[in-house]
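No lab work stands behind these numbers, since they all come straight from the coordinates. Everything quoted here is computed from the prediction, not taken from an experiment. Here the Cβ positions follow ideal geometry from the backbone for every residue, glycine too, while neighbour counts run over all protein chains shown.
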Amino acid sequence: MDYSEKHIFDQTTPEALKTLSVDMPDANVYQAVLKNWDGIAKPLDGLGKFETLTARIGAILGTDQISITKKAVLILCADNGIVAEGISQSGPEVTTAVARQMAKGASSVGRMAACIGVDTIPVDMGMKETEQIAGVMDRKIRCGTNNFRVEPAMTEAEAVRAVFTGIELVSDCRRKGYRILATGEMGIGNTTTSSAVAAALLPCDADSVTGRGAGLDDEKLSHKKRVIAEAIEKYRLYEAEPLRVLYTVGGLDIAGLAGVCIGGGIFHVPIVLDGVISMTAALLAERIIPGTSRYLIASHKGKEPAVEKLMTALHLEPVIDAQMALGEGTGAVMMLSLLDMALSVYRGNTSFDEIQVTQYERYQKRR
């Protein structure tokens, strides 16, 4: 469906969110890209998943003349009140410190992005820090969420505003000419919020989706699992609709990233997911606006135990399996570099005639 941006941002209410929908990527372009790959002088399916991934990107963009030269990583930063329960080794001061480094391009993702010409866009969605940080986009909904063990993390209205903020970020990027976006995040405690949201949505018990985050010992990991399990039972989240799960135990980074995923579907921008936080946001987005996952690309299979279950639920398959757990969007940016290399072969388009070799024939249709 074609939406004017004014229509989307006129109202930021649950009712307005439910009116949104996404259409299908262009199936004809998908097949055209695959046909182009078969005409390139190489073994059929020689680049494996990258051939179908680039076909998906072409279908999303609506052209087989694929260019992702202008690209960015959106890094949504927010603090989580649940850190008061001792589920992390550090607190909101670390979120602020890393956001300052991101603003300078000096964090891990900034250095990686600079290597391949990816712009970094850090966004304050809800950091506890009240002073605006130069170089960090101010989209603050509130100064951190509540401790969800005591009360819901945020209000429904705040969660919906954060989702619409994510949609608007994609709209802004598309207007500026970005052709593909990666997802990143920063927020101490967000492996707890994402595990809680994932457990409620999948649904499954907290033990099976909760990991060590930045490095908890066995005792603190057990405590983290108990906190999540108790909250799911307290708020009856296995029976809750996705939006209630989000505002009860989620984070403002997750809410914004869900909006980024939805925005990808609305504005036909491919969205490359990073780790467990953005994957949780992706499942939220798909449950809120069915069809959103068609516009998403999984980058890597991280260390957190929820990843495999989330990817199965989204019908996505990560390419990189390197036991990464850094966050910030680092895995997604790494994936962008691999897509660049694959597309250099696609755009080079060396034909079989050019190398005087008979073209391979395809005997089995591929998906």
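What is the set of long-range amide H partners of HIS300 at a cut-off below 5 Å, with H atoms built 1.01 Å from backbone N?
VAL319, ILE320
Taking amide H positions as placed 1.01 Å from N in the peptide plane, with prolines and chain starts having none, which residues 5 or more places from ASP26, or on another chain, fall under 5 Å of its amide H?
ILE60, GLY62
Enumerate the calculated ³J(HN,Hα) couplings along the range 127-139 in order (Karplus 6.51 cos²θ - 1.76 cosθ + 1.60, θ = phi - 60°), each rounded to whole Hz, writing x wherever the residue is Gly or Pro.
Each residue's phi maps through the Karplus curve to give 6, 5, 4, 8, 7, 5, 9, 4, x, 10, 5, 8, 10 Hz.
What ranking do LYS301, LYS104, LYS42 get, fewest neighbouring Cβ atoms within 10 angstrom at the top?
LYS104, LYS42, LYS301
Order of ARG175, ARG287 from fewest to most other C-beta atoms within 10 Å?
In order of increasing Cβ crowding within 10 Å: ARG175, ARG287.
Check VAL272: other-chain or 5+ apart residues with amide H under 5 Å from its amide H, H built from backbone geometry?
Result for VAL272 returns LEU181, ALA182, THR183, ILE297.
As an exercise, find the ratio Rg/Rh for the range 149-204 from alpha-carbon atoms, using the Kirkwood inverse-distance average for Rh.
Radius of gyration relative to Kirkwood radius: 1.06.
By how many nm would the segment from LYS104 to THR312 grow when fully extended, if each residue of separation counts as 0.36 nm and the alpha-carbon distance is taken off? Can you show the working numbers first?
Working: separation 208, 0.36 × 208 = 74.88 nm, distance 3.65 nm.
Full-extension gain reported as 71.2 nm.
Before anything else, pin down the relative contact order of the chain: Cα pairs under 8 Å, at least 6 apart, normalised by residue count, whole percent.
Worked out over the chain, it gives 22 percent.
How long are the three semi-axes of the equivalent ellipsoid for the range 71-341, computed from the Cα gyration tensor as the root of 5 times each eigenvalue, in whole Å, largest first?
25, 20, 18
Taking the Cβ of each residue in TYR295, TYR360, TYR30 as the centre, tally the other Cβ atoms inside 10 Å and list the residues starting with the fewest.
In increasing order of surrounding Cβ atoms, one gets TYR360, TYR30, TYR295.
Looking at the calculated P(r) for the range 255-367, what percent of the C-alpha pair distances fall above 23 Å?
Across the range 255-367, Cα pairs with separations above 23 Å total 39 percent.
Of GLY46, GLY135, GLY189, which is the most mobile in a GNM of the chain whose springs link Cα atoms less than 10 angstrom apart?
The residue with the greatest mean-square fluctuation here is GLY46.
Using r as the Cβ-Cβ distance of LEU338 and ALA97, and R0 as 25 Å, what FRET efficiency do you calculate, to the nearest 0.05?
That gives a FRET efficiency of 0.25.
Rounding to the nearest 10 and keeping the result within 0 to 90°, find how far the Cα-based axis of helix 92-103 lies from the longest principal axis of the chain.
30 degrees
How high is the FRET efficiency from ALA157 to ARG226, r the C-beta distance, R0 22 Å, rounded to 0.05?
0.15
What is the Cα centroid distance between the range 201-276 and the range 158-178, reported in whole angstrom?
Distance between centres, Cα-based: 20 Å.
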